[in-house]
Every structure is written in structure tokens, then in C-alpha cells.
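The values are calculated or read from the model by the stated rules, or taken from the named source; none is laboratory data. Since this is a predicted model, take the numbers as computed values, not measurements. As a convention, Cβ positions derive from the backbone with ideal geometry for all residues, glycine included, and neighbour counts pool all protein chains shown. SASA here: full protein model, heavy atoms, side chains in, ligands and nucleic acids out. Shrake-Rupley method; radii C 1.70, N 1.55, O 1.52, S 1.80 Å.
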Amino acid sequence: MGMSLAFHIIFAVIGIGLPALMVIAEWRWMRTGDAVYLDLAKRWSKGAAILFAVGAVSGTVLSFELGLLWPAFMRFAGPIIGMPFSLEGFAFFTEAIFLGIYLYAWDRISRPAHLFAGIVVAVSGVLSGIFVVIANAWMNTPAGFDIVGGKAINVRPFAAMANAAAFPETLHMTLAAYAATGLTVAGIHAIGILRGNTSAFHRRALAIALTLGAPAAILQP
């Protein structure tokens, strides 16, 4: 499971950060009319789709591993932290639906509607990460239940989700995802510029990536 997590977290982080980059690029295209921004939005959306698919498969493996490798824990904790996992599934399918709209409806819906679809993809990706991290936070600071006779009773799902570690952990993870994705993308395009390719594509991409990654890195708690 450790290997599965190490593999999955890469795609989960990019799945949070890359949709934000494509939305920023499309928004700048709508404001400026610069075709380079449109090219960036389309390229990043294709990358987001591929990485989303890989992340979905690796995440499914993890969901099976929770039950197969930790049956006693899930028997005890499942009724308590089942809600954030269910909400993560809802956010995941919402992201999948609107990612399909974003990829294939460039010429089929209005520009504002298309941008809205991208925003939904970006927000759903963040929410997916938040709900999973809430479950992890609960394991660090359990809340929302009473123990009688070794069994959990009086389960309060919302109180479990609002455990003491939930906010700092979700804030840290979300900002870390933005910082890691933004600065990695910025590094890729910076290398291209240092190698002599000073095209508008690399310069615009570098600026957008730093717009996302640098503030997130600075604000990281």
C-alpha cells in the first residue's frame, strides 16, 4: 500500500494543480484574445485528462487495499469516516463529467460556459483531495464517536470530519499541490527558455505557472 500511495500521490497532486493552470490560461485567452493562451489551455487540459485517468485507476487500487489489508480498522472506522470517502466519490465523478465537457465542447458551448466547466473541474479536484485528507486527519485526531465496550457508538459524521487536524492538513495539502505543480511546470518551461527557446509559448506558460506556484509556496504553513 505504501508503494501504491507513493505512485498515486503524484497524480493526485497534479490533478489538483493542473486544472487550475488550464483555467487561468483560458481566462487570459478570453481577456486578451492571445492564441498562445488558448494553446496552453488545450495542451494542459489533455495532460490533465491523461493524468486524471491514471490517478483514477491508482486510487481505485488504494480503495480496495483499505478493505483487504486493513479489514479490522475499516470495520471499526468505516461507519465514522465513510462520509468523506463518499463525498470524495461524488467530487470525483463531478470532475470526470465536467472534464469531458471541457475537452470536447470547445466549439459546442459558449466561452463563459466552457470556462465554468473548467472551474468545476478545478474545484472538484481540490474537493476530492480535501475529503481524502479529512479522513487521514481523523486518524491523527479521532473525533465524532464514543466507545462503549470496545465498539464505536453515537457516531457523528460531521463532527468526525471537523476533527482538530482537518483544517491544517487540508490547507497544507492543497497549497502543497498548487506549489508542487506550479513550480514543476515553471521549471520545465524555464529550462526551455534557458536553452534558447524564448517563444511566447514558454514565456506565457512560465508566467502562469509562477502565478499559481509561487504564492502557494510562500503561504505554505
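Residues in region 182-212 that are outside any loop (DSSP other than H, G, I, E, B) and over 21 Å from Thr32 (Cβ atoms): Leu183, Thr184, Gly187, Ile188, Ala190, Ile191, Gly192, Leu194. Taking Asn154 as the residue in question, decide whether it is more than 21 Å from Ala41 (Cβ to Cβ), out of contact with any helix residue (DSSP H, G or I) (no Cβ under 8 Å at 6 or more places or on another chain) and of a type outside the set (Gly, Ala, Ser). Judged against the criteria, Asn154 is a match. Of all residues in region 66-86, none satisfies being open to solvent by 40 Å² or more (accessible area, probe 1.4 Å), touching a helix residue (DSSP H, G or I) at 6+ places or on another chain (Cβ under 8 Å), outside any helix (DSSP H, G or I) and touching a residue at least 60 places away in the same chain (Cβ under 8 Å). Of all residues in region 100-115, those satisfying the criterion of being open to solvent by 10 Å² or more (accessible area, probe 1.4 Å) and assigned to a helix (DSSP H, G or I) are Gly100, Ile101, Leu103, Tyr104, Arg111, Pro112, Ala113, Leu115. Would you check if Val13 is assigned to a helix (DSSP H, G or I) and either over 19 Å from the mean Cα position of the chain (by Cα) or surrounded by fewer than 16 Cβ atoms within 10 Å (Cβ to Cβ) (or both)? Spelling it out, it is not the case that Val13 is assigned to a helix (DSSP H, G or I) and either over 19 Å from the mean Cα position of the chain (by Cα) or surrounded by fewer than 16 Cβ atoms within 10 Å (Cβ to Cβ) (or both). Quick one: would you say Phe93 is loosely packed, with under 14 Cβ neighbours inside 10 Å and under 14 Å from the mean Cα position of the chain (by Cα)? Yes; evaluated as a whole, the condition is true for this residue.
Each residue in region 158-172 was checked for being in a helix (DSSP H, G or I) and open to solvent by less than 80 Å² (accessible area, probe 1.4 Å), and 8 pass. Among the residues of region 25-37, those identified as assigned to a helix (DSSP H, G or I) and open to solvent by 40 Å² or more (accessible area, probe 1.4 Å) are Trp27, Arg28, Met30, Arg31, Thr32, Ala35. Is there a residue being under 29 Å from Ala207 (Cβ atoms), out of contact with any Lys or Arg (no Cβ under 9 Å at 6 or more places or on another chain), of a type in the set (A, V, I, L, M, F, W, C) and free of Cβ contacts under 8 Å to residues at least 12 places away in the same chain anywhere in region 43-58? Scanning region 43-58, I find at least one residue that is under 29 Å from Ala207 (Cβ atoms), out of contact with any Lys or Arg (no Cβ under 9 Å at 6 or more places or on another chain), of a type in the set (A, V, I, L, M, F, W, C) and free of Cβ contacts under 8 Å to residues at least 12 places away in the same chain, so the answer is yes. When Val155 is tested against (1) open to solvent by 50 Å² or more (accessible area, probe 1.4 Å); (2) part of a helix (DSSP H, G or I); (3) in contact (Cβ under 8 Å) with a residue 60 or more places away in the chain, exactly one condition is not met: (2). Considering only residues that are open to solvent by less than 40 Å² (accessible area, probe 1.4 Å), farther than 20 Å from Ile81 by Cα and among the β-branched types (Val, Ile, Thr), which ones fall in region 121-136? Answer for region 121-136, where residues must be open to solvent by less than 40 Å² (accessible area, probe 1.4 Å), farther than 20 Å from Ile81 by Cα and among the β-branched types (Val, Ile, Thr): just Val121.
The residue list Gly55, Gly118 contains one member that is at pLDDT below 95, surrounded by 13 or more Cβ atoms within 10 Å (Cβ to Cβ), more than 26 Å from Ala162 (Cβ to Cβ) and small (Gly, Ala, Ser), which is Gly55. The condition of being in contact with an Asp or Glu (Cβ under 8 Å, 6 or more places away or on another chain) and not polar (S, T, N, Q) holds for only one of Leu115, Leu51, that being Leu115. In the set (1) part of a helix (DSSP H, G or I); (2) at pLDDT below 95, Leu175 fails one condition alone, (2). Selection within region 137-151: residues that are open to solvent by less than 70 Å² (accessible area, probe 1.4 Å) and part of a helix (DSSP H, G or I). The member of this set that is farthest from Leu5 (Cα to Cα) is Trp138.
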